[in-house]
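The structure under discussion appears below in the form of structure tokens.
Bear in mind these aren't lab numbers, they're just calculated from the coordinates by the rules spelled out. Note that the coordinates shown come from a computational prediction; the quantities given were computed from them, not determined experimentally. Reconstructed Cβ throughout: ideal geometry from the backbone, glycine too, with neighbour counts over all protein chains shown.
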Amino acid sequence: MTEEIIIAGFGGQGVLSMGKILAYSGAMQDKEVSWMPSYGPEMRGGTANVSVIISDQRISSPIISQFDTAIILNQQSLDKFEKSVKPGGVLLYDPNGVINPPKRTDINIYKVSATEKSAELGLAKVFNMMVLGAYLKIKPVVTEEFIEKGLMKSLPERHHGLIPENLKAVQTGKELVEAVRTL
Amino acid sequence: MAKELKLMKGNEAIAEAAIRSGCDGYFGYPITPQSEVMEYLMAEKPWERTGMVVLQAESETSSINMVYGGAGVGKKVMTSSSSPGISLMQEGLTYLAGAELPAIIANVVRGGPGLGTIQPSQADYFQATKGGGHGDYQLFVLAPATVQEMYDFVFLGWEIAFKYRNPVMILSDGAIGQVMEKLYVGDYVPRWTDEELKKNAPWASYGKPANREHHIITSLELDSAKQEEHNHKLQAKYREMEEKEVRFETIDCEDADYIFVAYGSSARIAQKAIQLGREKGIKVGLLRPITLFPFPKKPIAEFSKKVKGILTVEMSAGQMVEDVRLAAEFRCPVEHFGRYGGIIHTPHEVLEALEEKIIKAK
Amino acid sequence: MFNPDIVKPENLVYKRTDVLTKAVMHYCPGCGHGTTHRIVAEVIEEMGIQDKAICIAPVGCSVLAYNYFEVDSLGAAHGRAPALATAIQRLFPDHHTFTYQGDGDLAAIGTAETIHACNRGENIVIIFINNGIYGMTGGQMAPTTLIGMKTATSPYGRTVELNGYPLQITELLAELPGTYYVTRQSVHTAAAVRKTKRAIRQAFENQKNKKGTSFVEVVSNCNSGWKMTAPKANEWMVENMFVKYPIGDIKVDGEKVK
């Protein structure tokens, strides 16, 4: 199994940390992982994206241009990465930041209204975990148990009190995800 | 040795390795894409745990000269930077080499020339392996391809640097600096005591005891006959490195008709291209130089007798390809494929280049 | 030369310090470098810190200073001595790292290293020989060359239009909070030598007490570069150099004088 993922959105949406928690969880589950951010001017307030690879084998290139899954959190990222999803792959997006929905018909398209839901619940901070939950519902590459371990490993100890809230958000995300168009 | 699993960026791995390998001092200056090295060290505050000194200098010129000072008194000192900063350090590097001082310099390469870009590149191969500063000298150059190697090569770097009294460059790029991967870290190696320092660096200017002559660390010799002698000594040292310290890795080369030669990030992309190639029935392997100086000339010479062609894959306009051609001595076609200016080649492009430049060209 | 038949130990009033090597100095007769070397070496001997003293030699006339000081030494690249000293003193905080630099090294090519080491308050001693000229390379203009002064690269005399003003770097450094002791001295008379020795002693004592940067400028002649006899050069120095570079303490115990 090798899963190559791009997560892309605005800086501040928790794109990088979502990728990090996913990578940590994979590592805890004894998978090979890599996490490769875009860096530089993009990092500073503009769009942010990170590619994460989770695999049973040694990862050759951490730099990838074709993805099994794209997790898209704004229009710019959709415009940039829709074409890079491998045929038969998955595109998951939050409709909140997307005016022109994805058009491709050779991939599986899902949406998760995480921005709306997290605002409604007053849980904007765990918005990214809802998105992660939605992804894991579609592709359970890591199990819940290891998500918890990944959170423990990636969050500083003083924030460990927030873990239950994060895990609850993952659950919410799982319940929230909807198929838009699947093969 | 107890191994602990961590998930870290390549830059952070260098910093963690510095702390764990008993480094005495790190002197640096911020530059993208390697700033995490010093950021990590400053956040970790190793001076409270191991006594390691960490200092942000006013320039790369200053940080490399701080390294020169620390190395001259026998301490395990290092710096890191990225291409434009490394250019500024060339003065210090030739002085380090001339005065035969051990030190580690990590270069997380970005695209050039000039201020260039902040994205990954391998366009500083010539600068790293052919001198860079003035005079006949060589850095020992290690090329990590993984976060684990970023970590491990700091330990190896100290070994080489003190064994040969020579600066060691860890030549990586923005991709390896920024990627986060699994990393197994080992136990802490304590910093040397003053007694250990005197034993391991008996030549150093650590303070003159009453019972010996004073030590002088310098690269100046006004008598040219003596300077030629010194150059002979340096050259003998470099030849010894070529004899004993060449490191490389081969992947899928046993049955290969073609091989890629690539180091660092490019080697990993080439590895993916091998998978793609083999799916199409192209028997291709990879030779990955781990030391760029000393360069694995002999294994490349051997392969050049067996394979139908060699493609070097570099994020540059073609630098290492010259060394590969020298080693292959026209026994087989040697071509280069590269993207540059901060663009990273895709595995598909690499495979296509092999087909176009080597296989179809025959 | 020590002749035991003539000089009896009980009559011995002066002895060459063992902190200087036996090497014959290459400095021009009448130059202030030799005297300043001796003073620094005597202070190191008197304080009993030879085993902890580290000399950083510059590029310039005193490039070979490490051949004369019987202490562990390093030769720095041009201007970089304060960077070396910074690292060494931080790595060996109980040592006595000092730089010995000329005006070109310290106030031109090494300005950044000098200012930042002083601004960080590095616990080092900087000995700064200011003779207003590049001696070693054959008498070219220095940052401290006076207006009107003729050098190999200002053959008609330094002008403001072409070259800007002489740099009073010592006054500039005294403004930085990191400097604890900043003084300007000379070595052209016996009285001046005694004062300079007190200043250099003070600098090393400050270092022992971890007070921050101590900076001792020694205004000196360059009779070769100035193309004068040594006595004439000293006179010219008093009449001209001391006007722009007045002798005396500028900052003591971290406080500006006056």
| field | Residue order, fewest to most surrounding Cβ atoms within 10 angstrom, among B:219, C:186, B:316 | value | B:219, B:316, C:186
| field | For the protein assembly as shown, fraction of C-alpha pairs farther apart than 41 Å, in % | value | 44
| task | For peptide B:203-212, compute the average count of partner chain beta-carbon atoms within 10 Å of each residue's beta-carbon. | result | 5
| query | Listed here are the pairs A:31/A:149; A:174/B:6; A:31/B:280; which of them are more than 20 Å apart at the Cα? | reply | A:174/B:6; A:31/B:280
| query | Local charge sum around residue A:20 (other residues, Cβ-Cβ under 11 Å, Lys/Arg +1, Asp/Glu -1)? | reply | +2
| Roughly how many whole Å is it from the C-alpha centroid of segment B:4-50 to that of segment A:129-183? | 31
| task | With a 10 Å radius around each residue's Cβ, average the other Cβ atoms per peptide and rank A:17-28, B:279-290, highest first. | result | A:17-28, B:279-290
| message | For segment B:4-198, give me the percentage of DSSP beta bridges that are antiparallel, rounded to the nearest 5 percent. | response | 25
| remark: Label model pair residue B:249, residue C:140: point-to-point distance (7 angstrom along the Cα→beta-carbon line) in nm is 4.9
| Mean residue ellipticity at 222 nm from the helices of chain A, using -39,500 (n - 2.57) per DSSP H segment of n ≥ 4 over the full residue count, to the nearest 500 deg cm²/dmol? | -10500 deg cm²/dmol
| message | Sort B:166-174, C:206-214 by the packing proxy (mean of other Cβ within 10 Å over each peptide's residues), most packed first. | response | B:166-174, C:206-214
| Given Cα pairs under 8 Å that are at least 6 residues apart, what percent is the relative contact order of segment B:4-198? | 31
| request: Please sort by residue number the chymotrypsin sites (Phe, Trp or Tyr not before Pro) in segment C:1-81 whose DSSP state is loop and whose Cβ has at most 12 other Cβ atoms within 10 Å. | output: C:2, C:14
| said: From the alpha carbon gyration tensor of segment B:249-359, can you work out the equivalent ellipsoid semi-axes (sqrt of 5 times each eigenvalue) and give them in Å, largest to smallest? | reply: 18, 17, 12
| If contacts are Cα pairs under 8 angstrom and at least 6 residues apart, what is the relative contact order of segment A:1-101 in percent? | 32
| message | From the P(r) of segment A:2-181, could you give the percentage of C-alpha pairs in the tail past 19 Å? | response | 54
| note | Taking only C-alpha positions in segment B:4-198, Rg and Dmax in angstrom work out to 15.0, 46
| task | Can you check what the net charge comes to around residue B:164, using other residues whose Cβ is under 10 Å from the Cβ of residue B:164 (Lys, Arg +1; Asp, Glu -1)? | result | 0
| task | Quote the convex hull volume per residue of chain B, based on C-alpha atoms, as a whole number of Å³. | result | 143
| query | Can you work out the FRET efficiency for the pair residue A:106 and residue B:4, with r the C-beta to C-beta distance and R0 = 56 Å, to the nearest 0.05? | reply | 0.80
| request: Tell me the chymotrypsin sites (Phe, Trp or Tyr not before Pro) within segment B:281-362 that lie in a loop according to DSSP and have at most 12 other beta-carbon atoms within 10 Å. | output: B:330
| request: Show which lysines lie in cross-link reach of residue A:83 when reach means a straight Cα distance below 19 angstrom and same-chain residues fewer than eight apart are skipped. | output: A:103, A:111
| message | If I model a spin label at residue B:331 and residue B:43 as a point 7 Å from the Cα along the Cα→Cβ vector, what separation in nanometres do I get? | response | 4.9
| request: Let me have the 222 nm mean residue ellipticity of chain B computed from DSSP H runs of 4+ only, each contributing -39500 (n - 2.57), with the sum over all residues rounded to the nearest 500. | output: -12000 deg cm²/dmol
| request: Averaging sequence separations of C-alpha pairs under 8 Å and six or more residues apart, then dividing by the length of segment B:217-362, give the relative contact order as a whole percent. | output: 23
| query | Taking the Cβ of residue B:207 as the center, what net charge do the other residues with Cβ under 10 Å away carry, scoring Lys and Arg +1 and Asp and Glu -1? | reply | -1
| said: Using the basic label-point model (7 angstrom from Cα toward the beta carbon), what is the residue A:120 to residue A:180 distance in nanometres? | reply: 1.9
| Taking 0.36 nm per residue of separation and subtracting the Cα-Cα distance, what length does fully extending residue C:257 through residue C:111 add? | 50.2 nm
| About its Cα centre, how strong a charge dipole does segment B:177-258 have in debye, to the nearest 20, once Lys and Arg get +1 and Asp and Glu get -1 at the Cβ? | 800
| request: Return the long-range amide H neighbours of residue B:292 (sequence gap of 5 or more, or a different chain), with a cut-off of under 5 Å between placed amide H atoms. | output: B:141, B:142, B:143
| message | Nearest 500 deg cm²/dmol is fine: what mean residue ellipticity at 222 nm does chain C get from its DSSP H runs of n ≥ 4 alone, each adding -39,500 (n - 2.57), divided by its residue count? | response | -8500 deg cm²/dmol
